[in-house]
Amino acid sequence: MIEWAVDGDSLHVTDADNAELTVDGADLVVDDTGVDIPRPVDETVALTTDELRFPHAVVYAFSLGLEEQYELDPCGDPLSLSPGEYVVDIDTDIKAYLRFSGAATIERTDDYESIVVSFPNRTRTILGVRCRHEFPAGTITVPDDPAAVAEAITHLAASHKTAGPDRSYPTLRGHPSLLERGDELEISDCIRSDTPDHGIELLVPPDYESLFVTAPLAYYLQATVRTTDEAFGDRPRPGSGSGSRLGSGADPGPRSGSKRDRPRLRLVDRAIEEPLSPMPDLERDVERLLRKTFFLDCLVRNAGPHGTTLAEYSLLEALELDADALYEASPQDRLATYLDVPYAAIKHRLPDWHLSTYVAPDYDALETLPFLLDRVSMIYTPRTSELAGRELVERSLEDFYRGGASGSRRHDRPQANARDENTATRRASTGRVASVDIVKPELRNGRTHGWLADGVPIDVFKSTPAAYQNRLDYLERASDSTSICVVLNDPDMAGEHDDVAEIYRQRAEERSIDVTVAESLGTDALARVFEDAHDFVHYIGHCETDGLRCPDGTLSASNLDRCNTQTFFLNACGSFYEGMGLVENGAVAGAVTFTKVLNDHAIKVGSTFAKLLVHGFSIERAMGLARRRIMMGKDYAVVGDGTHSLTQGDHRPPTTATLEELDDSAGDERRFLLTVDCYSTRVTGHYYFPHTEDNEYAYLCGNDSNFTLTESEVATILKETEASVIYDGDIYWSDDLWPQFDR
């Protein structure tokens, strides 16, 4: 869903997932248009002007008459286009295409903040836009039957907008249809007709554990999924008479035993069958095959019209793969080539996988699958063990930001030290604080981990099926701005209150954010805050076993009529259960604590979390970075859908840089290693371009990029970048840090 509005000389475009695009023009005239554009778009408008300004992006221009492609040099001269018919691809957060006739010049501003498209005279152009995320297209009803679940998973791939390598772009994968539990399998004719049949089949044992684990692979490959008993003729396909899609020539296999039940991937036209391991090793096989296929698609797609100068692209030559041929190949032929590539040959170049979710293999969890596949999450079976002795403390200390001598000559900030809990101020109350039995999860590959199962593990966000449905409900709400409410219910904690309120107000000067501040709310008033339509509530105060403490008693989330607050931070001792209650009652996600926390620690975490959140970081990633500022960071956690973001940042996906002074710095010339980390659980397959002076490559999100810079170069890139920066034992915002290097 795309909406647009005009404000003076600016066109504001928004989608249902909080993404924004602002296009500025001189004496801009905007009107509706029925004119088509040769690209997949959701909406088109006509813009008449002699200059258009877009947010910073990677830009390509395509000549429709000559069928030639031109790229705007990320660090070089402007791109001059001679008179002709063009479509310009501008890779902003809401995908934009600009079609026009005539000559034009495309250039970047000196601060790398904007892209300027200018024309010799006032020119009528057609702007096409496409949102990166969309609502599910329909609902599939599924009975409690593995074969029916397999059939439903097959049809989730109907949301794909292409079968080629470009499916690795997040904009070309739509949200899968919803799944709901019912007595019979019901799939609409529309969904059935949109489901591709590429001759790729995934045969899986008839159990939910195997079906859930293989679902991400099936979804991305657009494979037909069937249970092994149905495939080998032991039972008819769901919703049909009898028989098998493999036809009469299918090998029935042994009637009993392990071979018939073993999962396998089939390329029917190529007569290729790739055996897969049974559980639990099936998890490893699926992970490797999906990561390899997705990665190679990200490289091969550069042979198409949306390619970029990708740092990882040279690997194709080393593997002796023909990108042009693979881009044009059928899905079966392309996958057959990928299967021949040894995993060991590419594993050192694979980006970190963005998201892994641990799902109880039960029929009750079925409805969460479309949301996880929309994020292309790996799915694993949950396994836990007890935390031993001081393991929680030791794991917290491992994550703690540690300082060194690298910044000592430039500033006098004291290094973080452990505090004696007897002398530090506790954010505690006279009432009882709820205790949480924390366990240790067996985590597999992934940058971010979600938990949809029993238990409360560390190092994951604890989600629930309600969180995902709640997110859809909020996407349907139309809102012109983001509503933030800061609640201070204990005057002794005014330090955090003042810090975060100022952070939110500063961001409100740059984004459409409404900030309200409340103090000492009673139970009825605090209930109204959560029941009102707020996008984020930052609660600062006490939490007891009966709920959030107010001057006149306590408020439990279970007592709310409904929570209409989208996200929250309950920065109070032992707020985990109240946070889960808010999610079950209507919220999408929030930050909580497991136990008592120190007041100065709460201030550090709260202020950093606020800064990251309003700059587009997801709830989980913001908390993951913020809690590392304190030695007991594992006391903080996220509940609900941790991949959810409150707002869009200036540069999305959000970026984190690590800065380290090199030992070989000579004399007054200090040199630094800058490591750039750019990824998001929401835009898997995206890429980023670090704007250092000599860089000419884009990098896949999930792969770090490294640069050696002088002190003045560090000052320049931090000044021109909106990013969190880990430096000398703490985390900063780039705007606050760059003056330290500006000599």
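Taken as a whole, the structure leaves Glu184 outside the set of residues that are under 27 Å from the mean Cα position of the chain (by Cα) and surrounded by fewer than 19 Cβ atoms within 10 Å (Cβ to Cβ).
In the range 499-526, how many are in a strand (DSSP E or B), of a type in the set (D, E, K, R) and under 28 Å from the mean Cα position of the chain (by Cα)? Outline the logic, then answer.
Going residue by residue through the range 499-526, those that are in a strand (DSSP E or B) are 513-519.
The next check asks that each one be of a type in the set (D, E, K, R); those that pass are 514, 519.
Those left that are additionally under 28 Å from the mean Cα position of the chain (by Cα): 514.
Here the count works out to 1.
Counting only strands (runs of 3 or more DSSP E) that fall entirely inside the range 527-599 and contain at least 1 residues that are touching a residue at least 24 places away in the same chain (Cβ under 8 Å) and more than 28 Å from the chain's Cα centre (by Cα), the qualifying elements are 547-550, 553-555.
Does the range 722-733 contain at least one residue that is touching a Phe, Trp or Tyr at 6+ places or on another chain (Cβ under 8 Å), more than 28 Å from Glu398 (Cα to Cα), acidic (Asp, Glu) and crowded, with 18+ Cβ neighbours inside 10 Å? The answer is no; no qualifying residue exists.
Within the range 656-670, identify whether any single residue is touching a Gly at 6+ places or on another chain (Cβ under 6 Å) and either over 19 Å from Ile503 (Cβ atoms) or assigned by TED's automatic domain parsing to the domain that holds Asn564 (or both), and answer yes or no. Talk me through it step by step, then tell me what you get.
First, the residues of the range 656-670 that are touching a Gly at 6+ places or on another chain (Cβ under 6 Å): none.
No - not one qualifying residue is present in the range 656-670.
Any residue at all in the range 59-77 that's within 28 Å of Glu693 (Cα to Cα) and under 23 Å from the mean Cα position of the chain (by Cα)? Yes, that holds for at least one residue.
The one condition from (1) closer than 23 Å to Arg270 by Cβ; (2) in a loop (DSSP other than H, G, I, E, B); (3) modelled with pLDDT of 95 or more that Thr162 does not meet is (3). Applying the criterion of at least 3 residues that are touching a Lys or Arg at 6+ places or on another chain (Cβ under 7 Å), outside the structural domain of Glu720 (by TED's automatic domain parsing) and not aromatic (Phe, Trp, Tyr) to the strands (runs of 3 or more DSSP E) found wholly in the range 37-121 leaves 43-55.
Say whether the condition of being modelled with pLDDT of 95 or more and in the same structural domain as His354 (by TED's automatic domain parsing) is met by at least one residue in the range 231-247. No; the residues of the range 231-247 include none that is modelled with pLDDT of 95 or more and in the same structural domain as His354 (by TED's automatic domain parsing).
Scanning the range 556-569 turns up one or more residues that are within 18 Å of Asp635 (Cα to Cα) and surrounded by 24 or more Cβ atoms within 10 Å (Cβ to Cβ).
Given the criteria touching a strand residue (DSSP E or B) at 6+ places or on another chain (Cβ under 7 Å) and either over 21 Å from Leu202 (Cβ atoms) or surrounded by fewer than 17 Cβ atoms within 10 Å (Cβ to Cβ) (or both), does Glu312 qualify?
Working: touching a strand residue (DSSP E or B) at 6+ places or on another chain (Cβ under 7 Å): yes; either over 21 Å from Leu202 (Cβ atoms) or surrounded by fewer than 17 Cβ atoms within 10 Å (Cβ to Cβ) (or both): yes.
When the stated conditions are applied, Glu312 passes them.
Scoring Asp664 on the criteria (1) closer than 21 Å to Phe536 by Cα; (2) assigned to a loop (DSSP other than H, G, I, E, B) leaves a single failure, condition (1).
Of all residues in the range 273-300, those being surrounded by 19 or more Cβ atoms within 10 Å (Cβ to Cβ), out of contact with any strand residue (DSSP E or B) (no Cβ under 9 Å at 6 or more places or on another chain) and either at pLDDT below 95 or not acidic (Asp, Glu) (or both) number 5. Of all the numbered requirements in (1) closer than 29 Å to Leu475 by Cα; (2) crowded, with 18+ Cβ neighbours inside 10 Å; (3) of a type outside the set (S, T, N, Q); (4) touching a residue at least 60 places away in the same chain (Cβ under 8 Å), Val30 misses one, and that requirement is (4). For Asp492, indicate whether it is more than 26 Å from the chain's Cα centre (by Cα), farther than 30 Å from Ser177 by Cβ and modelled with pLDDT of 90 or more. So Asp492 does not fit the description; no. When the criteria are applied in full, Thr681 meets the requirement of being within 28 Å of Val515 (Cα to Cα), part of a loop (DSSP other than H, G, I, E, B) and not acidic (Asp, Glu). With respect to being touching a residue at least 60 places away in the same chain (Cβ under 8 Å), more than 33 Å from the chain's Cα centre (by Cα) and crowded, with 16+ Cβ neighbours inside 10 Å, Thr92 falls outside the description. Within the range 96-118, the residues that satisfy the criterion of being crowded, with 18+ Cβ neighbours inside 10 Å and either under 13 Å from Val23 (Cβ atoms) or touching an Asp or Glu at 6+ places or on another chain (Cβ under 6 Å) (or both) are Ala96, Tyr97, Leu98, Ile115, Val117. Selection of first residues in the range 53-66 that are loosely packed, with under 15 Cβ neighbours inside 10 Å and of second residues that are outside any strand (DSSP E or B) and not β-branched (Val, Ile, Thr), restricted to Cβ pairs under 9 Å at least 6 apart or on distinct chains, gives the following pairs, ordered by first then second residue: Leu64/Pro38.
Conditions tested, residue by residue: (1) at pLDDT 85 or above; (2) among the hydrophobic types (A, V, I, L, M, F, W, C); (3) within 29 Å of His644 (Cβ to Cβ).
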residue	(1), (2), (3)
Glu3	no, no, yes
Asp15	no, no, yes
Thr22	yes, no, yes
Asp27	yes, no, no
Phe54	yes, yes, yes
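In the range 165-181, of all residues being part of a strand (DSSP E or B) and buried (at least 19 other Cβ atoms within 10 Å of the Cβ), the one that is nearest to the chain's Cα centre (by Cα) corresponds to Arg173.
The values are calculated or read from the model by the stated rules, or taken from the named source; none is laboratory data. Keep in mind the model is a prediction, meaning the values are calculated, not measured. Counting neighbours? That spans all protein chains shown, and the Cβs are built from the backbone with ideal geometry, glycine included.
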